[in-house]
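Inspection log for the structure reproduced underneath, given as structure tokens.
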Amino acid sequence: MGFDLILQNILNPPVLMFLLGLGAVLLKTELEVPQPLPKLFSLYLLIAIGLHGGYELSKSGIALEVLKVLILAVFMAVLVPIYAFFILRLKLDIYNAVAISATYGSISAVTFITAGSFLNNLGESYGGYMVAAMTLMESPAIVIGLILLTLFAKRENNSRVNWGEVLREAFLNPSVYVLMGTLLIGFLTGEKGWKAMEPLFGVLFKGMLAFFLLDMGIVAGRRIGDIKKVGTFLLAFGVLLPVFNALVGIFLAKTFGFAKGDAFMFSILCASASYIAVPAAMRLSVPEANPSLYVTMALAITFPFNIAVGIPLYYFVINHLWG
Amino acid sequence: MGFDLILQNILNPPVLMFLLGLGAVLLKTELEVPQPLPKLFSLYLLIAIGLHGGYELSKSGIALEVLKVLILAVFMAVLVPIYAFFILRLKLDIYNAVAISATYGSISAVTFITAGSFLNNLGESYGGYMVAAMTLMESPAIVIGLILLTLFAKRENNSRVNWGEVLREAFLNPSVYVLMGTLLIGFLTGEKGWKAMEPLFGVLFKGMLAFFLLDMGIVAGRRIGDIKKVGTFLLAFGVLLPVFNALVGIFLAKTFGFAKGDAFMFSILCASASYIAVPAAMRLSVPEANPSLYVTMALAITFPFNIAVGIPLYYFVINHLWG
Amino acid sequence: MGFDLILQNILNPPVLMFLLGLGAVLLKTELEVPQPLPKLFSLYLLIAIGLHGGYELSKSGIALEVLKVLILAVFMAVLVPIYAFFILRLKLDIYNAVAISATYGSISAVTFITAGSFLNNLGESYGGYMVAAMTLMESPAIVIGLILLTLFAKRENNSRVNWGEVLREAFLNPSVYVLMGTLLIGFLTGEKGWKAMEPLFGVLFKGMLAFFLLDMGIVAGRRIGDIKKVGTFLLAFGVLLPVFNALVGIFLAKTFGFAKGDAFMFSILCASASYIAVPAAMRLSVPEANPSLYVTMALAITFPFNIAVGIPLYYFVINHLWG
Amino acid sequence: MKKVEVVIDSIYLSRVLDVLEKAGVSGYTVIKDALGKGERGIMAGDELTDVFKNSYVFTVCSEEVAYKITEEVRPLLKKVGGACLVSDVLWLMH
Amino acid sequence: MKKVEVVIDSIYLSRVLDVLEKAGVSGYTVIKDALGKGERGIMAGDELTDVFKNSYVFTVCSEEVAYKITEEVRPLLKKVGGACLVSDVLWLMH
Amino acid sequence: MKKVEVVIDSIYLSRVLDVLEKAGVSGYTVIKDALGKGERGIMAGDELTDVFKNSYVFTVCSEEVAYKITEEVRPLLKKVGGACLVSDVLWLMH
Ligand SMILES: Nc1ncnc2c1ncn2[C@@H]1O[C@H](COP(=O)(O)O)[C@@H](O)[C@H]1O
Ligand SMILES: Nc1ncnc2c1ncn2[C@@H]1O[C@H](COP(=O)(O)O)[C@@H](O)[C@H]1O
Ligand SMILES: Nc1ncnc2c1ncn2[C@@H]1O[C@H](COP(=O)(O)O)[C@@H](O)[C@H]1O
Ligand code: NA
Ligand code: NA
Ligand code: NA
């Protein structure tokens, strides 16, 4: 297959910075990007794609086709955790099955962003509404997960799901809020607004992404030790499910006539797993589940896989289908 | 009045980011810009306006008219806390009256900066010496406040004002020091220096301001709950005094023949209240005063009012007078 | 001598920002650049010179002359701590002699960077491989120092040098690792990679350096009080040894026919002392030595001297020899 | 008076504070970032997810209040882990 | 030996340290950022003004020194709020 | 149970943790950044070199374990400075 694609993907500063961070941990250097710098970078990246996506929307306007994309996005965000749950139940108890399926039903903004700059390097682009799609895909999996929990798990009263808390965690978690807000701001302030924000939130984007991926590499590296504990079943799950999700996504994108760039970004959203929003929510509402399973899988298995192999792989497939 | 002005002011990324931050708290999202990132942004903004102001001065040179502006600036910084004090005494004890009047006698750099970018968007500008004026207006109110205290309050010895400490707090607080220093650096290094600093401290300025205002919104939002405690008198005070101060400033600016842009920035300086330098000084020397009054008023009432309504309002007036 | 050179060097925003930071401490303002912001800036600077150096290398390619430079770099990194040790033994106990000589055998990246932007302002440049040379010069002094220790100090068993720990500290300390890694990344991604990283890691470079030097000034200022404790011998040592090292470096550069820019940067590397990597290593393996000696000398004596006087001085000499 | 100290995963801090409030303490002090190790493994602090970080709280209160707190905190600790210490202190009246 | 712990608004930390020095302690340990709640309401830490943040200090000293400290600290706490605890500890000589 | 508290230069924290592990504690809690003052002068925290910063650790353990720890920690403190406290606490079983 497009081995050159893989190479071309890896030979990018951002991806290499991720590997550099990974190596820093494996070689036991004391390199770290101390808090709250990672928060600074992730906040920056969220604001940047939000503002830019909103600006793009203000140019394109909200066509019917946009709605189509958004609906399919939500559809996948609901579908994935359901089938993921039943696959996981083959081997896992309900609590961990719920937590992991929710993790894979949601998305990873950084994977999305890295894919975006990959596309960008190929001189292609995607619609600003894909950012809206991403935002919509972040939360549903949490709710689905907890519905599955209440359906299948019998817990003593004192640990019944606190739906108020859950819905807040799901729909008002910081990243969802910032993305929605900045999308709106970008949309409202249009050309003029973007011109003012572009020097910081546009021009510096790739550099900041590279900087942040260095930290991602370190954080992922710290979890690599836990992969043993995860076991072969979940290891395989963490690699194969993303690919499967991506293919389902590509299939839908094709049948509903997405543009090429949108299809690619959509497949990435389906393939990626959440290591921030969902883990936080699961900790609160499913403490019985073991975070060193679901966090490790999302962060140390699926994220690196998507960054290094998934992105070029999904693009390779799409390139064939869309030609 | 220029309702379109208000709209035009609000439909700016920085102001909208402030509202986004405000909303984040009201909607109880856990969004935060953790320390020391706010310190990074405020330090950046101070350095940026300092260097740029100094550079502007190095071009314009220091004319007699500059002195005129600076003298009037100090005059207002001394006058405002005095009349503010006697207004406040109608309802408040001496300690809180002192703290609040000092707060309003001083200035808010971020309000100044936001006003600057508003002016900027209208294609107008102001003299670099206005930054010097701002610097001079930061400290006097603290001293005046404590003079009023020693005149009117009878305290037991052990809590006599420690003037050494006070004057240091007043004239060597970090923001005053950084502004003076960078003004000097910008002035000394002139064209060449600015060319080297501009990419970071000039080009990125608006983006950084927007980022910082997001945090300002969060911090202000956290105080909104305390507005109840503040009571209607102080609430009204927090909105009306700034307007009054601005009008006094505009009157002086007109009678002494300020340039339009300078007049506008001067009115903003008179209208704004300090929520960093002065509160810190008051905590130390007037512990009897209640910070959740003066901090809340400056941060949760006057700052948002100036950002959203004050800026276009004062400009509207000035636009009429200067035509 | 080129007094104008000194002036031209000092009248640069970065150097003036350093003085501003110094003054902030001396005037007892509470100005600070709180952790982890300094870590952010130093990490940024390391990545930036690494990527840029690697990019330069990818253009120039690795010629034999490059090897010559690298070998001489290591040679000096080994030689300096040895003669420094014997000079110091005239007055100091073995432990402090070891720690201080290791400190001066290693390098200071910020001094290197500041010298680079000085050169740059004169419209001259240096080879990307000088960054590689710097990287190679960071660690050897630590090893030499501990060899001297084992040779001359007789310690009870429980405090024998733990070589594993030492070598890790020496060759896998964060700054060495980041420099090597980003050099490689810059080299591999070449033109295309640099174009993507340049907006953040190239264009903003001088501004970030100035920002960081403000903090360096504060940190150095905090140590100035300890200079008394250091005593005249070490004070003289902290000023004269760098000059001597620089001259040795210049002599070697001349005899081996370095290019002018390379010779200058090489002399800076020889003259500078480490205040991060080496102190950390010495704390672990030579706790008997007093950090408020070696840290103070590197940070509060040698660093400021090089920044203010050394840089123009060494350039002045080189300018004569290379004409 | 009694000094009650609690170490717990940051994410549950608010629940502990609720317990303290309900028990009627006169106040409490929190140190937000604490790392640690226990039955549930190392809490080394995860920059990204905040999932593996502890918080430390202590309150000074009467013996009865302390008893109430421990009774309330025990089930929480059983479920999500953590540590709770009680010791004697002298509270400086002011 | 006695362990004296003080929680106070960060802005007054230096004053507490002066008290300790004067009382003649052999040393002290400070944790700069502590949040908390007490009579004077919540100290949730204000990123911008630093006005609502506490600091935590403890020192190990002899009974007499501890007494001196408490006598000095009491009026300060009365004025600006805070908390002060005294307890018994064993100090490892080295 | 005993509560053992150690304050030590951050750079040696890992060594203290090794001691705790070897002594067989059930867990420990660490607060990474602590400033302080002692025989070796002020530890005001050096942003750049991290050389002048302390860390604070405490563990709750049985008397025997506590004894083992103190025996192991004493020489380390003698060499690199620091402080070690032992006191009585009640450990809430859960
Ligand atoms: N024996 C102990 N001494 C001090 N802290 C402890 C102890 N055991 C547990 N902890 C703290 O409580 C947290 C959770 O403990 P656990 O639930 O046992 O994993 C740990 O991360 C430690 O910070
Ligand atoms: N009972 C208590 N236990 C622990 N800490 C307390 C207690 N009361 C007050 N504090 C701490 O002291 C600070 C100031 O207390 P106050 O002056 O009562 O508002 C609070 O913010 C808490 O951090
Ligand atoms: N008497 C004390 N009380 C509390 N902490 C202390 C005391 N003595 C020393 N320390 C802490 O231990 C660190 C090292 O102490 P030293 O080795 O004596 O300089 C100091 O920086 C303090 O943080
Ligand atoms: Na997904
Ligand atoms: Na004012
Ligand atoms: Na050197």
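Given the options A:235, A:184, A:240, name the one that is part of a helix (DSSP H, G or I), closer than 29 Å to residue B:205 by Cβ and of a type outside the set (Asp, Glu). Just one listed residue meets the conditions, A:184.
Per the listing E:3, E:68, E:78, E:37, the residue uniquely of a type in the set (D, E, K, R) and over 22 Å from residue D:61 (Cα atoms) is E:68.
Scanning the stretch A:158-207 for residues that are touching a Leu at 6+ places or on another chain (Cβ under 8 Å), buried (at least 22 other Cβ atoms within 10 Å of the Cβ), more than 9 Å from chain B (Cβ to nearest Cβ) and of a type in the set (A, V, I, L, M) yields a total of 2.
Would you mention how many residues in the stretch C:276-293 are under 14 Å from the mean Cα position of the chain (by Cα) and at pLDDT 90 or above?
1
Residue pairs whose Cβ atoms lie under 8 Å apart, separated by 6 or more positions or on different chains, with the first residue in the stretch D:15-43 and in contact (Cβ under 8 Å) with a residue 12 or more places away in the chain and the second within 16 Å of ligand 1 (Cβ to nearest atom) and charged (D, E, K, R), are D:33/D:53; D:33/F:32; D:34/D:53; D:35/D:53; D:35/F:32; D:43/D:9; D:43/D:37; D:43/D:53. One residue stands out in the stretch F:20-37 among those that are of a type in the set (A, V, I, L, M, F, W, C) and assigned to a helix (DSSP H, G or I): the one that is nearest to the chain's Cα centre (by Cα), namely F:20.
Restricting attention to the stretch E:1-33, the residues that are touching a Gly at 6+ places or on another chain (Cβ under 9 Å) and either within 26 Å of residue B:219 (Cα to Cα) or within 16 Å of ligand 4 (Cβ to nearest atom) (or both) total 6.
Residues in the stretch A:257-273 that are under 29 Å from residue A:299 (Cβ atoms) and not hydrophobic (A, V, I, L, M, F, W, C) were compared, and the one that is nearest to the chain's Cα centre (by Cα) is A:272. Elements of the type helices (runs of 4 or more DSSP H) sitting completely within the stretch B:39-143 and holding at least 2 residues that are without any contact (Cβ under 8 Å) to a residue 60 or more places away in the chain: these cover B:64-89, B:94-105. Of everything in the stretch F:1-33 that's within 16 Å of residue F:78 (Cα to Cα) and away from chain D (no Cβ under 13 Å), which residue is nearest to ligand 3 (Cβ to nearest atom)? If we take residues in the stretch F:1-33 being within 16 Å of residue F:78 (Cα to Cα) and away from chain D (no Cβ under 13 Å), then F:7 is nearest to ligand 3 (Cβ to nearest atom). Considering only residues in the stretch B:227-256 that are within 18 Å of the chain's Cα centre (by Cα) and aromatic (Phe, Trp, Tyr), the one that is surrounded by the most Cβ atoms within 10 Å (Cβ to Cβ) turns out to be B:237.
Of the residues C:267, C:274, which single one is among the hydroxyl-bearing types (Ser, Thr, Tyr), within 14 Å of another protein chain (Cβ to nearest Cβ), buried (at least 24 other Cβ atoms within 10 Å of the Cβ) and within 16 Å of ligand 6 (Cβ to nearest atom)? On inspection, the qualifying residue turns out to be C:274.
Restricting the stretch B:195-226 to residues that are closer than 30 Å to residue B:54 by Cβ and basic (Lys, Arg), the residue that is nearest to the chain's Cα centre (by Cα) is B:206.
Yes or no: the stretch B:47-61 includes at least one residue that is within 14 Å of chain A (Cβ to nearest Cβ) and either touching a helix residue (DSSP H, G or I) at 6+ places or on another chain (Cβ under 6 Å) or within 16 Å of ligand 3 (Cβ to nearest atom) (or both).
Within the stretch B:47-61 (the criterion being within 14 Å of chain A (Cβ to nearest Cβ) and either touching a helix residue (DSSP H, G or I) at 6+ places or on another chain (Cβ under 6 Å) or within 16 Å of ligand 3 (Cβ to nearest atom) (or both)), the answer is yes, since at least one residue qualifies.
Of all the listed residues (E:80, E:60), the sole one being of a type in the set (A, V, I, L, M), under 27 Å from residue F:52 (Cα atoms) and at the interface with another protein chain (Cβ under 8 Å from one of its Cβ atoms) is E:60.
Of the residues C:152, C:187, C:118, the single one that is touching a helix residue (DSSP H, G or I) at 6+ places or on another chain (Cβ under 8 Å) and closer than 30 Å to residue B:177 by Cα is C:118. Looking across the stretch F:49-78, the residues that are within 16 Å of ligand 3 (Cβ to nearest atom) and under 12 Å from residue F:2 (Cα atoms) come down to F:58, F:70.
Scanning the stretch A:4-38 for residues that are among the polar types (S, T, N, Q) and either part of a helix (DSSP H, G or I) or within 17 Å of residue C:200 (Cα to Cα) (or both) yields A:8, A:9, A:12.
Residue-by-condition table, conditions (1) out of contact with any Asp or Glu (no Cβ under 7 Å at 6 or more places or on another chain); (2) among the polar types (S, T, N, Q); (3) surrounded by fewer than 19 Cβ atoms within 10 Å (Cβ to Cβ):
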{"residue": "B:32", "(1), (2), (3)": "yes, no, no"}
{"residue": "B:38", "(1), (2), (3)": "no, no, no"}
{"residue": "B:48", "(1), (2), (3)": "yes, no, no"}
{"residue": "B:52", "(1), (2), (3)": "yes, no, no"}
{"residue": "B:60", "(1), (2), (3)": "yes, yes, yes"}
{"residue": "B:67", "(1), (2), (3)": "yes, no, yes"}
{"residue": "B:71", "(1), (2), (3)": "yes, no, yes"}
{"residue": "B:77", "(1), (2), (3)": "yes, no, no"}
{"residue": "B:80", "(1), (2), (3)": "yes, no, no"}
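State yes or no: is residue C:281 crowded, with 24+ Cβ neighbours inside 10 Å and either within 16 Å of ligand 3 (Cβ to nearest atom) or farther than 18 Å from residue C:106 by Cβ (or both)? When the stated conditions are applied, residue C:281 does not pass them. Here residue C:254 meets the list (1) within 13 Å of chain F (Cβ to nearest Cβ); (2) touching a Leu at 6+ places or on another chain (Cβ under 7 Å); (3) among the basic types (Lys, Arg) almost entirely, failing just condition (1).
Quick one: in the stretch F:66-94, which of the residues that are in contact with a strand residue (DSSP E or B) (Cβ under 8 Å, 6 or more places away or on another chain) and assigned to a helix (DSSP H, G or I) is nearest to residue C:277 (Cα to Cα)?
F:80
Exactly one residue out of A:74, A:25, A:66 is under 18 Å from the mean Cα position of the chain (by Cα) and away from ligand 3 (no atom under 16 Å from the Cβ), and it is A:74.
The values are calculated or read from the model by the stated rules, or taken from the named source; none is laboratory data. Predicted, not measured: the structure shown is a model, and the values here were computed from it. Neighbour counts are summed over all protein chains in view; Cβ atoms, including those assigned to glycine, are modelled from backbone coordinates with ideal geometry.
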